[in-house]
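Q: My structure is below; once you've seen it, I'll send some questions.
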Amino acid sequence: MKILVTGGAGYIGSHTVLSLLENSYQVVVYDNLSNSSIESIARVQALTNKEVDFIEGDIKDKAKLRQIFSEHKIDAVIHFAALKAVGESMHKPLSYYQSNIHGTICLLEVMEEYNVNEFIFSSSATVYGEENNVPYVETMSLGTPASPYGASKVMIERVLQDQAFANNSFRGVSLRYFNPIGAHESGEIGEDPKGIPNNLLPYVAQVAVGKREKLSIFGGDYPTADGSCERDYLHVVDLAKGHVAAVKWLEKNQSFKGIEAFNLGTGVAVSVFSIVKAFELASAVNIPFEIAARRAGDLPAFWANADKASEKLQWQAEKTLEEMMIDTFRWQSKYPNGYAHD
Ligand SMILES: NC(=O)c1ccc[n+]([C@@H]2O[C@H](COP(=O)([O-])OP(=O)(O)OC[C@H]3O[C@@H](n4cnc5c(N)ncnc54)[C@H](O)[C@@H]3O)[C@@H](O)[C@H]2O)c1
């Protein structure tokens, strides 16, 4: 089975490509490298001793997509390619709607032209918006996220449902990720954000190796046990395996039509202060921090009800918080500048 992975050079994409190769799938990666390096693909190939077809290009470029679908017999698409910085999306909404929504529609149109009907989408817990209660369950209605980034994920989920309704052959899965962290245990691939990290763990890791002076914790007075935000952190390798589980589920359930949503999380919320402590313990490095003002749009706490993925996909997050910390630190210490300047 041959799978087209858009955004496959990125953080979650590269770990998923590795997991697909380990499970004997053939992989074509399509990525414009706007937030990644081709080095991640080279490392995945070295780790697995398997080849990946890499094509550089943008999901909005339908001519290039057509070329891929005519040259390769693609059976399914896993769609990671997107802009993903919540804060940036507030300042550049048009770019986010253009890349994420228009880009996804271009991809779906070309898939339809080539009669490729299996789709796995990188959705996010953000689709539950501000109105749903925690823990989030897939039976809840899509919410109204505060950011254009979140709104783009809600809109794409809606597009997928409408497309599945209109085209009886089209079927797929929306995987709603909670907070992926960590890196492959080899330390060879990991999260390599360009510029100042938007997410907690890459920031903590960069402080640990002396690239940044101190961590800013946004808000210490939330109505949580220790006053900091709580999130459902899961290991990126577990998340990658969730994609393989989704591909297998679609393969096994040929009679399934439509779009099925699954939460991919651990079901446990962990506070920012606890993350910092766990990282210090795993790395034996002190992480200086300050409490800064809350960020607009940050919710106090959310976590997954992960029962559905466990029951239907037979998938559960397995790695511990300690492993998430150790693996992050290994990657960051081995490659302090990420893929750029080894
Ligand atoms: N990391 C998270 O915390 C998180 C949480 C929920 C959902 N997601 C979603 O998962 C997906 C992957 O996230 P990630 O953390 O690996 O991000 P990432 O930025 O590391 O990966 C995205 C990849 O897509 C590529 N890309 C971006 N725009 C493109 C375009 N127009 N055409 C072709 N390639 C393009 C980038 O170069 C990058 O390699 C995204 O859709 C993101 O919204 C991420």
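Q: Which of the residues spanning the range 1-21 are near the ligand (Cβ under 9 Å from one of its atoms), open to solvent by 20 Å² or more (accessible area, probe 1.4 Å) and among the hydrophobic types (A, V, I, L, M, F, W, C)?
A: Answer for the range 1-21, where residues must be near the ligand (Cβ under 9 Å from one of its atoms), open to solvent by 20 Å² or more (accessible area, probe 1.4 Å) and among the hydrophobic types (A, V, I, L, M, F, W, C): just 12.
Q: I've got another one for you. Which of the residues that make up the range 22-69 are surrounded by fewer than 19 Cβ atoms within 10 Å (Cβ to Cβ) and in contact with a Gly (Cβ under 6 Å, 6 or more places away or on another chain)?
A: 60, 64
Q: Residues that are assigned by TED's automatic domain parsing to the domain that holds residue 254 and touching a strand residue (DSSP E or B) at 6+ places or on another chain (Cβ under 7 Å): which helices (runs of 4 or more DSSP H) entirely in the range 84-138 hold 2 or more of them?
A: Here the list reads 103-113.
Q: If you go through the range 70-83, how many residues are more than 14 Å from the ligand (Cβ to nearest atom), crowded, with 18+ Cβ neighbours inside 10 Å and assigned to a loop (DSSP other than H, G, I, E, B)? Before you say what the answer is, go through the steps one by one.
A: Residues of the range 70-83 that are more than 14 Å from the ligand (Cβ to nearest atom), as a first pass: 70-76.
Filter once more, keeping what is crowded, with 18+ Cβ neighbours inside 10 Å: 74, 76.
Then keep just the ones that are assigned to a loop (DSSP other than H, G, I, E, B); that gives 74.
The total comes to 1.
Q: Would you be able to say whether some residue in the range 42-53 is on the phi > 0 side of the Ramachandran plot and not hydrophobic (A, V, I, L, M, F, W, C)?
A: yes
Q: For residue 284, work out the one condition from (1) of a type in the set (A, V, I, L, M); (2) open to solvent by less than 10 Å² (accessible area, probe 1.4 Å); (3) more than 19 Å from the chain's Cα centre (by Cα) it doesn't fulfil.
A: (2)
Q: Do we have residue 138 as more than 12 Å from the ligand (Cβ to nearest atom), over 18 Å from the mean Cα position of the chain (by Cα) and not β-branched (Val, Ile, Thr) here?
A: Values: more than 12 Å from the ligand (Cβ to nearest atom): yes; over 18 Å from the mean Cα position of the chain (by Cα): no; not β-branched (Val, Ile, Thr): yes.
Against the criterion (more than 12 Å from the ligand (Cβ to nearest atom), over 18 Å from the mean Cα position of the chain (by Cα) and not β-branched (Val, Ile, Thr)), residue 138 does not qualify.
Q: Those residues that are closer than 23 Å to residue 320 by Cβ and either within 13 Å of the chain's Cα centre (by Cα) or open to solvent by 30 Å² or more (accessible area, probe 1.4 Å) (or both), I need them from the range 187-217; list them, please.
A: Across the range 187-217, the qualifying residues are 188, 190, 191, 199, 200, 203, 209.
Q: Still on this structure: State yes or no: is residue 3 free of Cβ contacts under 8 Å to residues at least 60 places away in the same chain and under 16 Å from residue 120 (Cα atoms)?
A: No; evaluated as a whole, the condition is false for this residue.
Q: Can you pull out every residue in the range 168-220 that is in a strand (DSSP E or B), touching a Lys or Arg at 6+ places or on another chain (Cβ under 6 Å) and within 12 Å of the ligand (Cβ to nearest atom)?
A: Hit for the range 168-220 is 179, nothing else.
Q: So, one more: Among all residue pairs at least 6 apart or on different chains, which show Cβ distances below 6 Å where the first residue, located in the range 316-342, is assigned by TED's automatic domain parsing to the domain that holds residue 273 and the second is buried (at least 20 other Cβ atoms within 10 Å of the Cβ) and among the polar types (S, T, N, Q)?
A: From residues that are assigned by TED's automatic domain parsing to the domain that holds residue 273, the pairs are 317/266; 329/283.
Q: Condition first: buried (at least 23 other Cβ atoms within 10 Å of the Cβ) and more than 26 Å from residue 219 (Cα to Cα). Now tell me which residues in the range 320-331 satisfy that.
A: The answer is 327, 331.
Q: Taking the options 73, 64, name whichever one is over 24 Å from residue 257 (Cα atoms) and modelled with pLDDT of 95 or more.
A: Step by step, each of 73, 64 is checked, and only 64 is over 24 Å from residue 257 (Cα atoms) and modelled with pLDDT of 95 or more.
Q: Determine whether residue 240 is assigned to a helix (DSSP H, G or I) and in the same structural domain as residue 10 (by TED's automatic domain parsing).
A: Yes; evaluated as a whole, the condition is true for this residue.
Q: When you scan the range 294-319, how many residues do you find that are open to solvent by 70 Å² or more (accessible area, probe 1.4 Å) and under 25 Å from residue 246 (Cα atoms)? So that I can check it myself, show each step before the final result.
A: Filtering the range 294-319 down to residues open to solvent by 70 Å² or more (accessible area, probe 1.4 Å) leaves 294-296, 307, 311-312, 314, 316, 318.
Next, from what is left, pick out any that are under 25 Å from residue 246 (Cα atoms): 307, 311-312, 314, 316, 318.
Qualifying residue count, the range 294-319: 6.
Q: Let me ask something else. Run down 152, 169, 147 and say which single residue is open to solvent by 30 Å² or more (accessible area, probe 1.4 Å) and among the hydroxyl-bearing types (Ser, Thr, Tyr).
A: Of 152, 169, 147, the one residue that is open to solvent by 30 Å² or more (accessible area, probe 1.4 Å) and among the hydroxyl-bearing types (Ser, Thr, Tyr) is 169.
Q: Please verify whether residue 244 is of a type in the set (A, V, I, L, M) and touching a helix residue (DSSP H, G or I) at 6+ places or on another chain (Cβ under 6 Å), treating the condition exactly as stated. First the steps, then the outcome.
A: Values: of a type in the set (A, V, I, L, M): yes; touching a helix residue (DSSP H, G or I) at 6+ places or on another chain (Cβ under 6 Å): yes.
Taking the combined requirement at face value, the residue satisfies it.
The values are calculated or read from the model by the stated rules, or taken from the named source; none is laboratory data. Model, not experiment: these values are computed from the prediction. Glycine also receives a Cβ, built like all others from the backbone with ideal geometry; neighbour counts cover every protein chain displayed. Side chains are part of the model used for accessible areas, which takes the heavy atoms of the whole protein and leaves out ligands, DNA and RNA. Shrake-Rupley method; radii C 1.70, N 1.55, O 1.52, S 1.80 Å.
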